[in-house]
1. Whose amide H sits under 5 Å from the amide H of residue 265, counting only residues 5 or more places off or on another chain, with H placed in the peptide plane?
2. Using just the alpha carbons, could you tell me how many Å³ per residue the convex hull of the stretch 225-366 encloses?
3. I want to check the label-to-label distance for residue 286 and residue 38. Put each point 7 Å from Cα in the C-beta direction and report it in nm to one decimal.
4. What residues qualify as long-range amide H neighbours of residue 280, i.e. H under 5 Å apart, gap of 5 or more or another chain, H built at 1.01 Å from N?
5. Could you compute how fast the stretch 164-268 diffuses translationally, taking Rh as the Kirkwood radius over C-alpha pairs and applying Stokes-Einstein at 20 °C with viscosity 1.002 mPa s? Give it in µm² per second.
6. Roughly speaking, to the nearest percent, how much of the stretch 284-366's 1.4 Å accessible area is carbon and sulfur?
7. If r is the Cβ-Cβ distance from residue 247 to residue 46 and R0 is 56 Å, what FRET efficiency results, to the nearest 0.05?
8. Can you tell me the order of 227-236, 271-280 when each peptide is scored by its average per-residue count of other Cβ atoms within 10 angstrom, highest first?
Amino acid sequence: MVSRKERKQNNTNRLWIKFLRVYDTSKIVNIAFISCMMAMAAGLAFSTYLNCTTSAIPVSGSAYYGQRLPALWPNAKTVLFLGVPGLSEISRPQNAVKITPEFTAGTVSHRLVSLLANIDFRDLRTLFTQEIPFMLAFTKPGTPVVSAATLPNFPQFDSQSVSKEKPLVGIYHTHTAEAFIPNSGVAHRPGGQRGDIVEVGEALVRQLEKSGVKALQSQAIHDYPSFMKAYGPSEATAQKMLDENPSLQMIFDIHRDAEKRENITAIVNGIQVAKITIVVATGQQDLPQPHWQQNHAFAKLIEAKLNEKYPGLCRGIQLVEWRYNQHLHPRALLLEVGSQESSKEEAIRSMELLGDILVEILAENR
């Protein structure tokens, strides 16, 4: 028969055994948990490094297209920064950028007349449609009249320079080697060769000149030997074009994106075309961009006219905290036409449609 003292001792022993078992189990769990956390931290640190590296690459990001890790951790830098005191403010999403119109006597009077009489005195068509009701039958209901005059901060064209004898549109390519895989078999031509994107720029020049708008294109190579430092040489090219041709009213840096084909293909008038993304650089603390609001207004005008005339062609406007040489001119934009999975022919068709829009914009502002 077991005594009371032995029973108590046995109970104590059983409690210790249970404690040790739980301790051993928890120890294993702790080790496993710490190992997982270290692996996750290592993965986040590595993907953050890649993310920080690609953030310095131009918007196309095509040099890193196809890598899987950035896709698994798209917000790695943000997640990591949120856990580090002092860096959370840096990674906090910024408010959407808005264009603030300038308040002058002219803009105030224009807004008052528009509010009270629904007449835009910079567009006489609104006066006729208000005074002659029959003319309303010839306007599409719900379709606003889009013009430079209706956009705040729009940089006015130099009417003295808008001439058929002088070049009005400048085109260059920071990433001259960019190509289309269906045509070239590669996303980039090697060894400083010119890629298909140069032919896309040539198509825009041809389309503009068909309508009597003189344009010029630089085919200078900027992304060889260094893809990462291509914007230094391309800035020099853009500046030279502007210095030698003060009549230029707009200048475009034409790229192609790094996207899946289904995201950048549209049907316009029954024909497959490559979608166009308009990139506006807002600048950074150490890279001031004094013209970004004017560039943005110009981009909004192009976007509105593309949506009105060729719905589906424009993917929209992308605001980027960089500079992309857009500080050189108030109507300087970066255009991404299709992606490496588009065909060159689709991109050329898009340039032909864009050319019509640019001709229309220039005609309205002569």
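The values are calculated or read from the model by the stated rules, or taken from the named source; none is laboratory data. Bear in mind the structure is a predicted one, so any value in this text is a computation, not a measurement. Cβ atoms come from the backbone with ideal geometry, glycine included; neighbour counts cover every protein chain shown. Ligands, DNA and RNA are excluded from the accessible area calculation, which covers all protein heavy atoms including side chains. Shrake-Rupley method; radii C 1.70, N 1.55, O 1.52, S 1.80 Å.
1. The answer is 275.
2. 122 Å³
3. 3.5 nm
4. For residue 280, the qualifying residues are 318, 319, 320.
5. Rounded to a whole number, D works out at 146 µm²/s.
6. Exposed carbon and sulfur together represent 45 percent of the surface.
7. Result of the calculation: an efficiency of 0.65.
8. Per-residue Cβ counts within 10 Å, averaged per peptide and sorted highest first, yield 271-280, 227-236.
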